[in-house]
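The structure appears below as structure tokens.
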Amino acid sequence: MKILMNTEQRLRAGWRILLQCICFVILLIIVQVIQKGAQEQPDLLIFTAVSGLYLFGGLGMCWVLGRWVDRRKFADFGFHLDREWWLDLGFGLFLGAFILTAVFIIEWGAGWVKVTSIAQTVFDGPFILVGCCVLLSLTAVGVIEELMFRGYQLRNLAEGINYKGKADLAVIAALVGTSIFFGIAHMGNQNATLMSGVNVTLAGMLLGLGYVLTGELALPIGLHISWGFFEEFVYGFANSGEKALSWLIGSEVAGPEIWTGGEFGPEAGLLVTILIVLEAVMIFFWVKFRGRFRGVRRELAEYVKR
């Protein structure tokens with residue numbers, strides 16, 4: 001039983017993460033099967049229903065795992081919804097919009113991208129309604145991926161490797177480990193390259209930085225949502241290998257792939273590598289400016305029975 005259970009009489013961290021990964025993969029398979037059918041015959045209602053299934057299915061799954069496996073409140077995954085949480089969410093939303101706008105302006109100014117169309121979609125229905133549905137879809141992706149990779153996996157891995165009270169080192173190690181897993185998980189995407197794998201890993205570090213400095217998922221969720229929305233819907237770039245189905249500005253990329261990321265999207269380009277570093281600095285100064293900088297949050301590696 002020592003192989004399975006720890007001294008707290010909970011499943012050991014490795015088993016908790018494995019169980020969560022299995023449940024997550026099952027959810028992904030269900031969603032992708034339905035989504036594939038919707039893409040072959042674009043239907044806005046099915047597209048929206050799939051987004052809702054992914055969002056509420058993922059939230060429900062982590063609530064059940066938290067309640068019965070982790071034995072902690074759902075809020076402890078990074079959802080203490082106080083005033084600071086919403087301010088961090090707003091900053092994350094701003095940061096994603098700012099960076100993707102910078103990508104578009106730089107590439108457009110360099111002649112690497114040209115605008116080919118305005119307000120186009122494969123779905124039937126008012127364009128504003130389509131935009132709202134796309135926002136719901138990308139919100140589901142942002143919330144669930146941050147909950148899975150940062151809120152659940154990072155926290156559990158940090159608890160598992162915390163040794164002799166070195167909680168800060170455990171959190172840093174968990175940040176690196178889950179970011180590498182985040183990058184590997186996206187290597188199966190269409191048009192993935194070694195550079196995309198490296199950049200998505202760095203993006204995982206960036207998103208995780210907001211979590212380990214605040215102990216909350218607000219900042220990474222906001223950044224993830226607005227990054228995807230501005231990348232895919234506003235500027236029409238490919239989003240981690242997936243071509244946009246609807247866009248406000250249609251962008252045709254023709255610049256050097258090493259900088260633009262080519263068909264995978266900006267995440268596979270050196271321009272985003274540079275901007276990720278800038279974002280990390282901005283996150284650090286945001287937390288510092290808010291007077292909340294205390295280094296990495298040691299409590300992410302420490303289980304408190306409630």
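Per-structure values
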| quantity | calculated |
| --- | --- |
| Options Trp247, Trp227; residue that is closer than 22 Å to Met205 by Cα and of a type outside the set (S, T, N, Q) | Trp227 |
| Scope the stretch 149-166; condition aliphatic (A, V, I, L, M), more than 16 Å from Pro220 (Cα to Cα) and modelled with pLDDT of 95 or more; matching residues | Leu157, Ala158 |
| Leading residue by the ranking (farthest from Gly210 (Cα to Cα)) among those in the stretch 128-173 that are without any contact (Cβ under 8 Å) to a residue 12 or more places away in the chain and part of a helix (DSSP H, G or I) | Ile128 |
| Candidate set from the stretch 67-83 (those that are of a type outside the set (Asp, Glu) and free of Cβ contacts under 8 Å to residues at least 24 places away in the same chain); member that is farthest from Ala218 (Cα to Cα) | Trp68 |
| Residue ID - surrounded by the most Cβ atoms within 10 Å (Cβ to Cβ), chosen from residues in the stretch 237-278 that are among the β-branched types (Val, Ile, Thr) and in contact with a helix residue (DSSP H, G or I) (Cβ under 9 Å, 6 or more places away or on another chain) | Val272 |
| Tally, over the stretch 213-265, of residues that are acidic (Asp, Glu) and in a strand (DSSP E or B) | 2 |
| Residue, farthest from Gly265 (Cα to Cα), within the stretch 85-119, restricted to residues that are more than 20 Å from the chain's Cα centre (by Cα) and part of a helix (DSSP H, G or I) | Gly109 |
| Residues satisfying the stated conditions in the stretch 14-42, i.e. modelled with pLDDT under 90 and either in a helix (DSSP H, G or I) or surrounded by 16 or more Cβ atoms within 10 Å (Cβ to Cβ) (or both) | Gln32, Val33, Ile34, Gln35, Lys36, Gly37, Ala38, Gln39, Glu40 |
| Residue that is more than 21 Å from Ser137 (Cβ to Cβ), touching a strand residue (DSSP E or B) at 6+ places or on another chain (Cβ under 7 Å), crowded, with 18+ Cβ neighbours inside 10 Å and not aromatic (Phe, Trp, Tyr), where the choices are Leu11, Leu4 | Leu11 |
| Complete set of residues in the stretch 43-67 that are buried (at least 18 other Cβ atoms within 10 Å of the Cβ) and either among the small types (Gly, Ala, Ser) or over 30 Å from Ala174 (Cβ atoms) (or both) | Leu44, Phe47, Thr48, Val50, Ser51, Gly57, Gly58, Gly66 |
| Residues (under 28 Å from Ala254 (Cβ atoms) and surrounded by 16 or more Cβ atoms within 10 Å (Cβ to Cβ)) located in the stretch 115-134 | Gln120, Thr121, Phe123, Val130, Gly131, Val134 |
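The values are calculated or read from the model by the stated rules, or taken from the named source; none is laboratory data. In this text the structure is predicted, and so the values were computed from the model without any measurement. Positions of Cβ are backbone-derived with ideal geometry, glycine not excepted, and every protein chain shown enters the neighbour counts.
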